[in-house]
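Working notes for the structure below.
The values are calculated or read from the model by the stated rules, or taken from the named source; none is laboratory data. These numbers come from a predicted model, not from an experiment. Cβ placement follows ideal geometry from the backbone for every residue including glycine, while neighbour counts extend to all protein chains displayed. We work out accessible area using only protein heavy atoms, side chains counted, and drop any ligands, DNA or RNA first. Shrake-Rupley method; radii C 1.70, N 1.55, O 1.52, S 1.80 Å.
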Amino acid sequence: MTESNNVHAVTEGPEVDDAKCSFHHRMFLEPQEQKRSVKALVVKQAKKTCSCTPTKVKDCVFSFLPILQWLPKYKLREYLLGDLMSGVIVGVLLVPQSIAYSLLAGVEPVYGLYTSFFASLIYCIFGTSRHISVGIFGVICLMMGQVVDREIERAGYDLEPAVLSVPPGTAAHVNTTLSPANGTSQELLCDKSCYAITVAATMTFIAGVYQVAMGFFQVGFVSVYLSDSLLSGFVTGASFTVLTSQVKYLLGLDIPRSGGIGSLIVTWINIFKNIHKTNICDLITSFLCFLVLIPTKELNEHFKSKLKAPIPVELVVVVAATLASHFGKLKETYGSSISGHIPTGFMPPHPPDWTLIPNVALDAIPIAIIGFAITVSLSEMFAKKHGYSVKANQEMYAIGFCNIIPSFFHCFTTSAALAKTLVKESTGCRTQVSGLVTSLVILLVLLVIAPLFYSLQKCVLAVITIVNLRGALRKFKDLPKMWHLSRVDTVIWGVTMAATAFISTEIGLLVGVCFSMLCVIFRTQRPEAPLLGWVAESETYESLSAYKNLQTKPGIVVFRFEAPLYYINKECFKSTLYKQTGINPVRVKAAKKKAAKRMLREKGVGSGDNQTSISMDLVSEPLGFHTIVIDCCAMQFLDTAGIRTLKEVCKDYGDIDVHVLLAQCNPSVRSSLIRGEFFKEGEDHLLFHSVHQAVDFALGTQGHSGTSASK
């Protein structure tokens, strides 16, 4: 059964004004029929889901494995050179970064290489973006490392770094591995390094499961609560924590890694307590690496349009530092901390430790959300830039499988990384074949070159990590521009950054999301609510406080409320309306009642005619206007409290002979008003399609009433 909305329109004829009211005619809008049968919808969806045709199976497979779509169409001559160049360059950059970020994640360097290899390979199969580089991301490594250190401490291991002379195992308690050198079986007790990667792999598995589940249930909408300013503030705040965690390596200090609330402050306190133990060799090495890396990185950015490929300065520094450490015997002579043995080849796959899942399941939630939010946002950004589309849910599947599958091969959590993606794009990447090339470069390192990094100082890896934080820390330069564009976004950025840096990364993310929501609520709780004036020679009404030379119609007040009307702002709506019109109908009604009672009391005691006439004048004192037009164009929706508030406003003003008309209501608001029985029988003329129609109707009605009264 359908309902008709009767909405007034106004037509102007050549007739005189006193007959104007007769030219109002009704515009009938008949809503579309909506089938609300739940059973029919369920049956229709079930048929659509359960149907199995060759075409649907093919579409499903191609959608799940995008590589089957784009690889057969690969243009060898056009794409291959760019993909090869970008793949090799990103692979060269990833090698030192993978080793460096392993320290941040609290695991041995080889696991960073494993992670980069599998992430690039798997995303090539499942991903829909042609340009993003999936691999190790500093913020996620930091969050991972905090959990790893906590679980190591709970398990009774000390937090001092250990350098193993044999490849670490992967079992939780007792591990059997096949040595790649001699092929013999060795049974090793699981030490701290082994337990660390077990915790990291288990957490990676859970985070991947969360991401795949979000893709399956199509809950990608969660990422909308992570605004650009929130993510930027979170990354900047986490960058301070990352920087702080690496300072001990720069100075060669042997202090435990702090975790939990206030870890940044605790770490700096420990650094200053132990500053007298600084290793001068590590300090000088760090200083020299900064002198080389920072200027060269700046040159890469400044001349990126002229350079065909960025200078691989990180790899040069790693090679030079390794040679200097090895031939200078820096560990033996000065006690410098080095990376230690990095085995070649791959270890046998091993499942995550299922008994650890209850310990890390909660910690994996923010890691999963941050990982897919950054991946999806970067995918969409580069897809828009290059004119193709990506599927957000498939991206969640892709990043989820980039975590689930590698977790069986001693890897930790990955996501897209902006810096490497920019390098990949600028060096000619056309498809994810470049990701395959990157995997081959890392595979070469794993099979042949990895053991050569034995003497690499950890302070060099710390310098590489810190230098790569420049992009996040540069956000402070953008604050004046951000403040000029949106003060609310700037405050969200600042609150999220401070909470992430000074409290903890997980709590900082939660604080940022909650604060962003509160900002939205506060902005709708006390929105703008101006009076409107008429733009001459038009049918437009605009804010009197924003524009000059607007006209007002005599006896008519036009009011706009620029927010949904719901339970949070209903009192603000009423108080603002009363303030803008200058009339509180409840008080006026109370004053009239009080004056009427006084008049009756004065009559009862035989008061004079003069006092009675004064009381009568008070009762019938003019208000200055006879109609209020409420412009509802900015009201997206009404709830029950909003409908009740409109009813009360109409009734209260009606009691003092002021009519309230509604204009420019969207279909949702109209439907809510009808369902809420806002209109009494014969009162549907209160609703208008435009403010101009409502004002003309009020003028015509008042003129007609005045003519009738004079007769």
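Phi-derived couplings, Karplus 6.51 cos²θ - 1.76 cosθ + 1.60 at θ = phi - 60°, listed residue by residue for region 370-375: 4, x, 6, 5, 5, 5 Hz, with x used for Gly and Pro. Legend: residue pairs K553/K593; K56/K391; K420/K475, Cα-Cα distance threshold 28 Å; pairs beyond threshold, K553/K593.
Put simply, the amide H of L532, placed in the peptide plane, has neighbours under 5 Å in L544, V558, F559, R560, leaving out anything fewer than 5 places away on its chain.
For region 451-547, the solvent-accessible area of protein heavy atoms averages 52 Å² per residue (probe radius 1.4 Å; ligands and nucleic acids excluded). For region 258-302, the solvent-accessible area of protein heavy atoms averages 60 Å² per residue (probe radius 1.4 Å; ligands and nucleic acids excluded). Computed from backbone phi, the HN-Hα couplings of region 267-282 come to 4, 5, 4, 5, 4, 6, 5, 10, 4, 6, 9, 4, 7, 4, 5, 5 Hz, rounded to whole numbers (Karplus: 6.51 cos²θ - 1.76 cosθ + 1.60, θ = phi - 60°; Gly and Pro given as x).
Taking the average, over residues, of other Cβ atoms within 10 Å as the packing measure, peptides 663-673, 85-95, 354-364 rank 85-95, 663-673, 354-364 from highest down. Check each of the GluC sites (Glu not before Pro) in region 306-401 and keep only those in coil by DSSP with at most 13 other C-beta atoms within 10 angstrom; list them in order. In loop regions of region 306-401 (DSSP not H, G, I, E or B), there are no sparsely surrounded GluC sites (Glu not before Pro).
State, to one decimal in nm, how far the label point of K680 lies from the label point of L444, with both points 7 Å from Cα in the Cβ direction. With each label point 7 Å from Cα toward Cβ, the separation is 8.6 nm. The relative contact order of region 269-380, computed from alpha carbon pairs under 8 Å that lie at least 6 residues apart in sequence, is 23 percent.
Descending by average beta-carbon neighbour count within 10 Å, the peptides 412-419, 652-659, 190-197 line up as 412-419, 190-197, 652-659, the highest first. Most tightly packed first, judged by the mean number of other beta-carbon atoms within 10 Å of their residues, the peptides 292-299, 594-601 read 292-299, 594-601. My understanding is that a pair violates if its Cα-Cα distance is over 31 Å; which of K248/K481; K248/K297; K384/K548; K548/K680 do that in this structure? Listed pairs above 31 Å: K248/K481; K384/K548; K548/K680. Applying both filters, DSSP loop and at most 16 other Cβ atoms within 10 Å, to the chymotrypsin sites (Phe, Trp or Tyr not before Pro) of region 197-262 gives F217. Residue-wise HN-Hα couplings along region 225-241, as the Karplus relation 6.51 cos²θ - 1.76 cosθ + 1.60 with θ = phi - 60° gives them from phi, are 7, 9, 5, 4, 5, 5, 4, 5, x, 5, 5, 5, x, 5, 5, 5, 5 Hz; Gly and Pro carry x.
Between L661 and I628, V629, I630, the built amide H atoms are under 5 Å apart, and every one of these is 5 or more places off in sequence or on another chain. Atom-type composition of the exposed protein surface of region 425-523 places 74 percent of the accessible area on carbon and sulfur (1.4 angstrom probe).
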